Every structure is written in structure tokens, then in C-alpha cells.
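Read the figures in this text as sums done on the coordinates, not as results from a lab. Quantities reported herein were computed from a predicted structural model and do not represent experimental measurements. Cβ sites come from the backbone with ideal geometry, for glycine too, and all protein chains shown count toward neighbours.
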Amino acid sequence: MKTKFAFKTIMSLAFAAIMGSVLSAAAALPALPVIGGLAVVSFVPNLLPSGVAFAGVYTEVWTNEVIKAFQIGLKDTFLDGVRDYSRYVVGDDEAQVIHSTYFGVEPDVLINNTTYPIAVQELNGSDIAISLDKYQTKATPVTDDELYALSYDKMALVKGAHADALVRNRLKKAAHAFSPDGHTDETPVILTTGEIVNGRKRMKWDDIVSLRQSYSDAGIEIDGLRLVLCADHVNDLLLHDTAFQKTYVNFKSGTITNQLGFEFREFSANPYYTVSTKKKLSFGAVPNSGTDSQASFAFPVHKAGKANGKTKMYFSEAKNDPLNQRNLVNFRNYFIALPLMKKGFSAIVSAKG
């Protein structure tokens, strides 16, 4: 009990010092009186029964920590640099949406224009409300001893585990969204042509060149393309290209040196395609090893968007669970990543041997 009281007191005083400094600076007031006032107020909850007036501050702090972890977790992934439309997300805790008009329609560009007045062009995209995906983690139990023990930061471990799981699943859903549904002239899906190993054909650099040619044939610009290789295709290139080996050995945080006009990334959870039809499996579908293969996918970075909605921590206290006497913690987050237009999103699928 004394340990818990001491921990609450330290947390309250630290919170008062930080918030007091911020508020005093914002209001142009002397810092010490503001910090002192907050310290007195923050100390009151420590004299109250367990759980009173403390959980609110705790959940807010850890929610912000998870949001920071999201930002760190997406750095140097294939979503890095994709346009962020989070500021346009609206809705409440149960439904978060973004309107498609915010994703924008580009205006025509005049070069060396000599005709005035310049024509007016409305940017009227269709207004469709797009629901953000809702991600929820299963609850993790945390005992009172773990929650308040100064020598064992269980909440930091819980925060990290939940944030990592959410980031991983958001990337998997984004990879699926950025891969074309099937082969068309404007969304080419090509098959690998290398030697046969374990029932599939390896990827060759020739296959990446063929993908480039597909873009040229369809009149799609090559600039700004990001190619996200699955693990098999990275291994294929490593085995057959010493130059790529040297590049890969020196790469950090998922970024590989740009080659053939593509910006390279790697992701192990890319979607699967039915090889015979070049059709993408639905998200979450279990692939058939006899008919389906994993793909690498390419997309124009400037034609993709992402939006992050609300993040909320759920926390039930041990005092409300007399049988197990444990706290429960989990998180909810809203997020979406999707093409702004289908044209230029492509894939390379391992052909069957």
C-alpha cells in the first residue's frame, strides 16, 4: 500500500510540474504558483481510495504513448511518405469516417500560358464517406502489484506489445489495399519467370523490367513508384545478383537502394493471388499452396493516402474484479490506407512450377 501511495504521489507531482510549466508559459503567468497549485490539486487523489481520480490520467498518458509508438512503427515502412489525411477524419468513438473529396482531384496545369483570364476548373470529386477500419486488441491482464511496482514497468511492456500488434495489422491491411484486385492494362499483374524451386518460379530482375514495360505500354508514368518485395522475392534477388547483395547488406530499417526507377521496400505479409487467374485473395483468406502465391506489389506514392483516427485505451480496475483481482488493458484505433485512384497499382506474383 505504501509503495502504491508513493508511486501515485510521484506521478501526480511529475504531472503537475509538466502541466504547470506548459500552462504558465501559455498564459504568461509565473511558473511556481501555477505548478504549486496543480501539485496541491493532484495530491488530493492520493488520499482517496484506490482507483479514484487516477485512472483517467493514467489512460490518457498511455494512450499518447501508443500514438507515439504508431508514428515510430510506420517510419521507414512502405507507408512512410504516403500522404496523411488524418486531419479530415470525423466521427465519434464508435464510427470514424473520411470523405473522399478530401483525397482531392488534381487540377490541369498550364505551361507557358498566354491566354487570360485563366479558365476556372472545379475540383468536383464524388463525395463518398469512407469508414476507417477499426482495430481492437484483446485485453491484457495486469495485476495491482505489476501496475504500481516501481521496479517492473509492466505498463510499458503492455503498451509496446499492443502498439506493435496494431501497427503490424494496419500494415497488412494497407498492403492488401495497395495491391490490385486483378490484372488490367492499368493495374498490371505479372508472373515471375525464374528457375523453379519448391513449386514456384523465382523472381528475376527481368521480371521487374517487364513490370516497367507494362507501365510504359499503358502510358503510366514511372516516377514515384515504390516496389514492396515479399520475403521470397528478396531472397531470389539476393541469390542471383551480387550487386543487390551489397545493396541489401547495407540497408537499414527496411529501405533498399532505389533501382530501375523503383523505390524499394520489403514486407513479409504481402497479399496472395490465385496464379491461374491473377486475382487477389480477399483479406484474411487462407492461401492454397497448390494454387496461390504471395506477391510483391508496386504503387505510386503520390496516388496513395492514409488517415489515422481516434485511439482509445480501455482500462478496468482490479477493484471491480474481486475474483481475479486484476486490471485489464486494451486499445482501440481507427486507421485506413488506400489508393486515391486504381491506375498504376501493380503486382508481381510467383508463378507455379
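So which chymotrypsin sites (Phe, Trp or Tyr not before Pro) in segment 256-339 are both in a DSSP loop and have at most 13 other Cβ atoms within 10 Å of their Cβ?
Phe283
What shape does segment 269-348 take by its C-alpha gyration tensor, where a ≥ b ≥ c are the square roots of the eigenvalues and a/c under 1.5 counts as rounded, a/b above b/c as prolate, and the rest as oblate?
oblate
For the ranges 175-187, 132-144, what's the packing order if you count other beta-carbon atoms within 10 Å of each residue, average per peptide, and put the highest first?
Per-residue mean Cβ counts within 10 Å order the peptides as 175-187, 132-144.
If you average the alpha carbon positions of segment 62-82 and of segment 266-302, how far apart do those two centres end up, in angstrom?
After rounding, the separation between the Cα centres reads 25 Å.
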